[in-house]
Every structure is written in structure tokens, then in C-alpha cells.
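Asks: Dropping the structure in here first, questions after.
The values are calculated or read from the model by the stated rules, or taken from the named source; none is laboratory data. These numbers were taken from a predicted model, which means no experiment stands behind them. Quick reminder, even Gly has a Cβ in these numbers, built from the backbone with ideal geometry, and neighbours come from all protein chains shown. Heads up: the accessible areas ignore ligands, DNA and RNA and are worked out on the full protein's heavy atoms, side chains in. Shrake-Rupley method; radii C 1.70, N 1.55, O 1.52, S 1.80 Å.
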Amino acid sequence: MQTLNTPLKRTTVAVWLFTHLLATGSAHAGERESLEQLRATTTNLIELLVHEGVLSKQKADALLQKAAADAKQATQQAEVSDDVKNEVNKAMDEKTVRVQYIPQHVKQAMREEIEHDVMEKLNYKTGERLGVPEWIDRISFHGDIRLRGQADEFPGDNDDFVALNNDLTRSMNLQNSSEERRRARIRARLAADIHFNDWLSGGLQFVTGQQNTPVTPNQTEGIAQGKYQFTLDRAFLQARLNDWSTVTGGRFANPFLYTDMLWDPDLAFDGFVANVNPKFNDRWSAFGTVGAFPIEEVESSSVNKARDKWLYSAQAGIKWTAPNKSSAKLAFAYHDFKNVEGQLNTVGLNDYNETAPEWRQRGNNTFDINANNLGIPGQGSIIGLASKFELINLIAQVDLMNFDPVHVTFTGDYVRNIGFDQNEVLERTGNLYKKENEGYNVRIDVGNNSFLGPYVQNVNAHEWQVSLGYKYIEADAVMDGFTDSNFRLGGTNAKGWYIYGNYAIDKNAWISARYMSADSISGPLDPITGSSQQQNFSVDVLLIDLNARF
């Protein structure tokens, strides 16, 4: 190994050490003391080399100046680097949010609030954010599915259905009166509520069921029958005139306060209706409804003297609300059915054929419209309604909230057909009929009121309701085609008890059960003696349903 014993090698090492020692001026404070000692030693070494003649005085001074300049430049760069680091650290401190511990329930509330804000922005900015048409925001969809098991039980002393049908003074329109029947049935509804602008809205609804009945959307299940029918059952526009009045046109839900003694819950109304709901104060309010509803359009001519059939209705009511939200309602209604009664055909003609009802169930007094032509070949019996129908209806309802959220609701409903006139019917039909033109329905409901009405609203798990009632509907109290389709399998001339129950097994899913036991009230009059004949037709109906809505 060679030693540093030559002047050139000693000079090179001294310059290298001095330059690097001066450049380390930016070292940390802990290192500065030892570095200063090494720098002094190096400077002394260069002065010694000058003294011994190895370096000239000029070269040594130039060497020291250059080393000092290099060291100054390195120090400045180091200072700039430190300034940058300080600024970065300062900026990071300003941007850093220091949060203490947040409890779990506060985190959950913050998360839900953020989700709500985000969904709200997405909902109202769909067209801007996602390119979806803005009208999507103005349509909301809802619907339900009901799976039903139905059992119809007939007592052994029922009259034969053929005999019941052939009695033309009260033709029963039956296909069975003695054999037990079991059916699996389904109902599905899909509806859309549409908001056009601030004052105009509307709706559509599609539903299962047979097209020849206005009162039941049930579809009896069976593989061999093919596809279910799914048809339009609601289509309407509604104009909001102000906060307490609307006008609706098209096909819409029942606009009245009612029970199923008058109207089946699934019956739709066609035509126009105006509703008012003025509120006087926190305790008192009123409601009123006026409407005109076409029942059946008839194309009249010189050979067809039947006329269009219409229903004109009005209802007025008042409501009182207690401080604990208990309430009482009282309403009076008038329903005038135009041109629904049958007319005898002229001999040799069929000019009043279309006075026969397009749809009926059973119970109303009837007669043969074509009785004058039965001796003519090719002519057969045509069933028409004997009575006119002009109804007055009084309904009262008390809803007690003393056990909130459990409701105790009492309902009473009375109807009289003031259109029945025994002498007028005798003159028009040639038959004598007993005056049977009244009906009533009393009922008590206990439980959550989510299940009230034909359209069950939001149902929460474990909500429940039970109902008990009694119905008495004489033959011509109401039109049999529009009353409840389940009680005695539909129609009038029926009396009996019913009990209902509902229980929510989860949110928007519930099971329900109904049992109805109904008997005939009377039979038609004997044409010779004028006394009422016995007519036996009783039915016990059991319905078990599984329901789900969305």
C-alpha cells in the first residue's frame, strides 16, 4: 500500500477534505461541533503546505476561495430545501382535520343523512347526471299480489240451482247450490301515479280478473286455462282546483264514504266526479261528492227503444276530530240509477232487449222482458230487473283512539230504495212483488287501521286487526250487480254474520282470513196466493289470503 508522502498526494487529499467539509455547513446541530474541528484541521494542513513550499500562497488562497464559494452554494440549496419542507408541513397541518372519537350511533346518523342527501340529488338531477328523462321523477309505481284459498260450503237443504234459476221472478243466476267448491285464486295489481304539473295529476292501474265482471279481480288458478288476463282497470285525470277541491274524470276508485253493502271494494267508477273537503278548524271539517257515472251505453234507434243507463250521485258529510285524534263521521248520500229497470218487448219485436242488465249477480226481483214473444219460434227468455233503483244512504263511523296505536272503529250503514213502487212495477212487468227495499250493515274493527279500505297502505310487522259484523240486505235494497261479490257469493236478499282477521308477518306482507255465513231472507211471491214463497240458498265462504305490496 502506498502512503501519502508526496507533495502532490498530500495536496489532493487536503483540497478534497476541505471542499467537502465546507459543503457540510448545512449539517444538523448535533454534528456541527465535530465538523468545525475537522474544518480547522484541514485549513491548518493547507497553511502548512504553503509554509513548506508545496503550494504557493496564490494557489492556496484561490483554493480556499473556491471551496468557500462551493460551500456557500450548497448551504443556500439546503436552506431552500428546508423552506420547501416547512411550507409543505405547514400546508399539511392546515388541511388536516383532527377529529376526536365518534360514537357508533352518531356515525350511523351521519351515514343515513349523507345517503339521503345523495339519493335526493340523484333523484332530482337524474336528467342532468344520468341522461334519464325528467318525467321519470313525476311517476311513482305501486301494486300488490294476493294468493287466495277459497272454500264455498253449501248446506244440504239448499234448493236445486236449476229451479232457482228458472224462477224468472227472482232468477238466481247460479251454476251450483249443493256441491262444495275449493279454489286457488290470485289477484295482482300494478298502478302508476302520475304528476303532470302543480294542478293536474292522474293514474293508471292494471289488474287480473275476468273482463265480463266489474266487481272481482280474482283469477282462478289452473294450468289448462292458459295465460291470465291483465287488463286496464283505472285510467283517470284529476285537477286540483285548490287545497280542498278536486275534479276527476275517467275510470277511478270509489269516491264515496261507503261499505261493501252498497259497493264491492274492487268496483271502479267511470265518468266525472267533484270532491270538496273544506276544513273549518282543528275539530270540524266537511266533505262532499257529486258525480255522473255511465253504466251502459245503448245505441238507441227506431227498433231499439232502450236508453243509456246512468248513475247520478251526491254525498255530503261532516267529520269531528277529538284532541286525542279520535273521530266521528256522518254522511248522507243519494244515488239515482237511470234506465236500469227492464221494459217488456212489444209483441213481435225486440225493441227493449237492451233494458236487460249487462251484468248482474243475484237477489234482485226480476221478470222476463220477452214474455210477450215466447210463442214465437226462435224467441227465448231475457231477464230484466223489476224495480227502479233510487237509493238514500246514511252512514256513520266512530274511530276511537283511546288505545293508540290500536283503533276501535264502529261503523253503521243503512240504505233504502225509494225507487221501488209496487204498483208501478206491477203495471210495467205484470207481476206483483213484495216491498223489500231496505238494508243495513253494522261492524266493529279493532286493531291497526292500516288494513282498512280496499287499498292497504304501509303495513309494519306484527300489526293486526280483527272485525265482526252483521249484514241484512233485502232483495231490492241495492242493485245486486255492484254489491259485495263474496257475501253469499254476491248479490242481495242475504243476511248473516262475518268475521275478518289480519296479521302482518313482516313489513308489507300479511295474512288475512275471512269467514262469512249468509242465508236467504225470503222467496218471491206466489202469483196466486200473494204470499212469499220459501227460497233456500245459503252459503258459508272461507277465504285465506297471503298478501304482499310494494
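Asks: Which numbered condition trips up Ala475, out of (1) surrounded by 21 or more Cβ atoms within 10 Å (Cβ to Cβ); (2) more than 27 Å from the chain's Cα centre (by Cα); (3) part of a strand (DSSP E or B)?
Replies: Against the list (1) surrounded by 21 or more Cβ atoms within 10 Å (Cβ to Cβ); (2) more than 27 Å from the chain's Cα centre (by Cα); (3) part of a strand (DSSP E or B), Ala475 comes up short only on (3).
Asks: Still on this model: Do you know which residues across segment 370-389 are out of contact with any Leu (no Cβ under 8 Å at 6 or more places or on another chain) and surrounded by fewer than 18 Cβ atoms within 10 Å (Cβ to Cβ)?
Replies: Across segment 370-389, the qualifying residues are Leu374, Gly375, Ile376, Pro377, Gly378, Gln379.
Asks: A follow-up question, please. Every residue in segment 453-472 that is in a loop (DSSP other than H, G, I, E, B) and over 27 Å from Gln210 (Cβ atoms), please.
Replies: Gln457, Asn458, Val459, Asn460, Ala461, His462, Glu463
Asks: Tell me, please, whether a residue that is surrounded by 14 or more Cβ atoms within 10 Å (Cβ to Cβ), closer than 23 Å to Thr492 by Cβ and out of contact with any His (no Cβ under 8 Å at 6 or more places or on another chain) can be found in segment 296-305.
Replies: Yes; the residues of segment 296-305 include at least one that is surrounded by 14 or more Cβ atoms within 10 Å (Cβ to Cβ), closer than 23 Å to Thr492 by Cβ and out of contact with any His (no Cβ under 8 Å at 6 or more places or on another chain).
Asks: So which of Ala292, Ala224, Ala235, Ala286 is among the small types (Gly, Ala, Ser), surrounded by fewer than 18 Cβ atoms within 10 Å (Cβ to Cβ) and touching a Leu at 6+ places or on another chain (Cβ under 7 Å)?
Replies: Ala235
So that you can scan it fast, the table gives a plain yes or no per residue for (1) open to solvent by less than 20 Å² (accessible area, probe 1.4 Å); (2) on the phi < 0 side of the Ramachandran plot:
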| position | (1), (2) |
| --- | --- |
| Glu436 | yes, yes |
| Asn441 | yes, yes |
| His462 | no, no |
| Ser467 | yes, yes |
| Lys495 | no, yes |
| Gly523 | yes, yes |
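Asks: Follow-up. Is at least one residue of segment 390-412 more than 35 Å from the chain's Cα centre (by Cα), open to solvent by 20 Å² or more (accessible area, probe 1.4 Å) and in contact (Cβ under 8 Å) with a residue 24 or more places away in the chain?
Replies: The answer is no, given that none of the residues of segment 390-412 is more than 35 Å from the chain's Cα centre (by Cα), open to solvent by 20 Å² or more (accessible area, probe 1.4 Å) and in contact (Cβ under 8 Å) with a residue 24 or more places away in the chain.
Asks: Further question: Which of the following residues is open to solvent by 30 Å² or more (accessible area, probe 1.4 Å) and either on the phi > 0 side of the Ramachandran plot or not small (Gly, Ala, Ser) (or both): Arg251, Arg187?
Replies: Arg251
Asks: Could you say which residue among Asp506, Asp519 is in contact with a Gly (Cβ under 7 Å, 6 or more places away or on another chain) and either more than 27 Å from Ala191 (Cβ to Cβ) or not hydrophobic (A, V, I, L, M, F, W, C) (or both)?
Replies: Checking each option against the conditions leaves just Asp519.
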